[in-house]
Each structure stands twice: as C-alpha cells, then as structure tokens.
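The values are calculated or read from the model by the stated rules, or taken from the named source; none is laboratory data. Here the structure is a predicted model, which is why all the values come from computation and not from measurement. Quick reminder, even Gly has a Cβ in these numbers, built from the backbone with ideal geometry, and neighbours come from all protein chains shown.
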Amino acid sequence: MLVEARLEIDRAAAEAWSDALAAHGDERWSVYEDVDAQAARVSGYFADESAARAAWDALARSLPRALRVAASRPALRPVADEDWRESYKAHFKAWRHGRLHWVPEWERQTHRLPRGHVAVFLDPGMAFGTGNHETTRLCVKQLVAFAEKLPPHRRRSVAVIDAGCGSGILAISAAKLGFSTVFAFDNDAEAVAIARTNARRNGVGSIMRTATSDLATALKRRRADLVLANIQSNVLLSCAEDLIRAVKPGGRLMLSGILTSESASVAEGFRAKGAAGKIRVETMGEWAGVTWFAPR
C-alpha cells in the first residue's frame with residue numbers, strides 16, 4: 001500500500017512551489033491546481049510513511065524561507081496501488097529522440113515503431129525516469145549522440161555507467177543502442193529492483209549489471225567510456241573526483257540534474273577537481289547538462 005503526502009497550499013503560491021520543487025529535483029512531488037475550487041496542493045507518492053516523512057524533511061530543508069515558514073507538515077494517507085498506477089500513467093507519454101523511442105509498457109502492443117527504430121518499454125513505478133523530465137532528456141541526447149559517432153561493431157567494446165539509474169531508462173537505452181558493457185546503480189534498492197525488471201522486459205537483463213550502492217563505493221575501481229550521472233548538483237560536486245576518475249581517457253562524463261543557474265558553478269567545480277579539457281553546457285528549459293570530454 002503506497003502513501004500520499006498531501007499539503008494544501010495557497011493557490012497564489014502555486015508558482016513559487018512549482019519553482020521550489022523543480023529546484024529540489026525530486027520528481028515524486030507535484031503541484032496540483034483546481035481552478036474551479038480555487039485551491040491548490042502539493043502531493044507526493046511514496047512506498048511507506050517513513051519514506052514520505054523523509055522525503056518531506058528533505059524538501060522542507062530546501063524550501064525558500066517564505067514557503068518553509070508558511071508550510072505545515074503534509075497529511076499522510078494510504079493509496080491503493082491501482083490508484084497510483086492510474087495516476088502516474090497519466091503523466092508518462094511515449095516520446096522519441098532520433099531512432100530511439102521510450103514507450104510505456106502498457107502501450108507495448110499499440111505503439112507503432114518505424115522500420116529501423118528501437119523501443120525501450122518502461123514501467124517506472126515509484127522510480128525516477130520516464131524521460132519526460134528535461135534532466136533525463138539531456139542525458140538521452142548525449143547518449144544517442146555518443147552512440148551515433150560509433151559504428152555498431154565498435155559499440156560492443158564500449159563501457160557505460162549509469163550513476164543514479166532510477167527506472168533504468170538510460171542504462172537500458174545504452175544496451176538497446178548496442179553497448180554490451182552497461183553498469184547501473186542507485187542508492188535506492190526499490191529503484192534498482194524496478195530497473196532490473198525493466199531490463200528483463202526489454203531483453204537486456206543479461207547485459208545490464210546493477211547494484212544498490214552509494215556513488216563513491218559503486219565507482220571504486222570502475223571506469224567507463226561514457227558515465228551518465230543524473231543527480232542533484234550538490235551530490236555531483238561532492239563526488240566530483242570519483243566521477244572524474246571513472247571516465248576512461250577519451251571518454252565522456254555527462255552530468256544532469258542541474259539548474260541552468262547552477263551550471264557554471266558545476267562546470268568550474270569539476271575543473272577545479274581535475275576535469276581538464278573541454279566542458280560543454282547545454283540547456284533545456286530551466287535545466288542544464290554539463291558534459292566533460294576527457295582528454296586522451
């Protein structure tokens with residue numbers, strides 16, 4: 001039985017709450033407005049009450065002072081799995097980039113795939129990663145661009161790491177694109193279980209290795225040609241040296257989960273930790289991706 005954390009808010013503050021949630025980066029939280037009732041609320045769905053309280057405490061610490069002072073603790077209520085399933089289905093729509101498509105599992109039989117295109121079928125459940133968020137799309141663009149620079153036979157010898165894998169969308173996409181050495185990890189055991197299930201559904205369960213781990217432990221003694229890290233910027237900066245060491249000479253490190261306003265400080269932070277060479281910043285809406293091209 002899932003738990004909804006619900007906080008009624010002043011509708012006039014809905015935009016400020018939306019900005020705060022975007023900055024916080026936890027996709028489990030959303031702002032809902034009821035125009036007819038002139039009401040608004042912040043809601044999040046979690047595995048249990050303990051997870052809901054922990055998520056609220058983390059969100060509350062990141063709120064601007066005006067919102068934090070005005071906010072009470074959210075009410076918690078149990079939600080049947082069926083109700084949650086229908087709720088998140090409404091927010092996950094099929095999309096594509098180039099010849100790669102990301103499709104809800106429940107549309108497997110109805111989605112039309114052009115000749116030569118590849119589909120990743122996902123049921124994200126409680127895990128982050130449908131591709132609908134700009135942070136994921138920024139990573140996807142880099143992944144596809146990286147794959148397109150290599151002939152299919154070369155991809156089989158390329159290693160990819162997905163740090164903070166969520167639903168497994170990036171790691172599974174890498175496997176579908178022909179990379180045969182893919183390692184995905186997350187510090188959330190439930191997310192890793194969902195990623196494994198999604199990998200099996202896509203026929204890449206034997207290719208995609210997974211682990212439940214923190215970033216420093218997972219990257220110890222591991223190196224890859226492409227490292228994808230869609231994580232909050234403060235975590236990226238605190239683990240910069242681990243991420244830099246994980247990239248092979250001539251490889252790429254793609255960082256996402258970064259607000260546009262933070263992109264320059266993230267790029268400079270990585271330079272200061274040893275990311276010599278070219279760094280490129282790409283923006284999508286209020287979000288940014290920072291890519292480091294490791295020298296050979």
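Looking only at strands (runs of 3 or more DSSP E) that fall completely inside the range 92-142, which ones have 3 or more residues that are within 12 Å of ASN198 (Cβ to Cβ) and modelled with pLDDT of 85 or more?
none
State all residues of the range 186-217 that are small (Gly, Ala, Ser) and within 17 Å of the chain's Cα centre (by Cα); if no residue qualifies, say none.
Of everything in the range 186-217, those that are small (Gly, Ala, Ser) and within 17 Å of the chain's Cα centre (by Cα) turn out to be ALA189, ALA191, ALA193, ALA195, ALA199, ALA211, SER213.
Could you list, in sequence order, the residues of the range 17-42 that are surrounded by 17 or more Cβ atoms within 10 Å (Cβ to Cβ) and modelled with pLDDT of 80 or more?
Result: TRP17, ALA20, LEU21, HIS24, TRP29, ALA40, ARG41, VAL42.
Looking at the range 152-163, can you tell me whether even one residue there is within 17 Å of GLY205 (Cβ to Cβ) and in the same structural domain as GLY250 (by TED's automatic domain parsing)?
Among the residues of the range 152-163, at least one is within 17 Å of GLY205 (Cβ to Cβ) and in the same structural domain as GLY250 (by TED's automatic domain parsing), which makes the answer yes.
When you scan the range 160-173, do you find a residue that is surrounded by 15 or more Cβ atoms within 10 Å (Cβ to Cβ), of a type outside the set (S, T, N, Q) and over 25 Å from GLU148 (Cα atoms), even just one?
Scanning the range 160-173 turns up no residue that is surrounded by 15 or more Cβ atoms within 10 Å (Cβ to Cβ), of a type outside the set (S, T, N, Q) and over 25 Å from GLU148 (Cα atoms).
Would a scan of the range 172-180 turn up a residue that is more than 15 Å from VAL140 (Cβ to Cβ) and in a strand (DSSP E or B)?
Checked the range 172-180: no residue is more than 15 Å from VAL140 (Cβ to Cβ) and in a strand (DSSP E or B).
So the check is Cβ under 7 Å with 6+ separation or different chains; which pairs have a first residue in the range 132-147 that's farther than 17 Å from HIS117 by Cβ and a second one that's in a helix (DSSP H, G or I)?
THR136/ILE169; CYS139/LEU170
Tell me the strands (runs of 3 or more DSSP E) entirely within the range 208-296 that contain at least 1 residues that are farther than 23 Å from ALA195 by Cα and in the same structural domain as ALA175 (by TED's automatic domain parsing).
Strands (runs of 3 or more DSSP E) meeting the threshold: 247-259, 278-284, 287-293.
Give the residue, chosen from LYS176, LYS149, that is basic (Lys, Arg) and closer than 19 Å to ARG108 by Cα.
Result: LYS176 is the single residue among LYS176, LYS149 that is basic (Lys, Arg) and closer than 19 Å to ARG108 by Cα.
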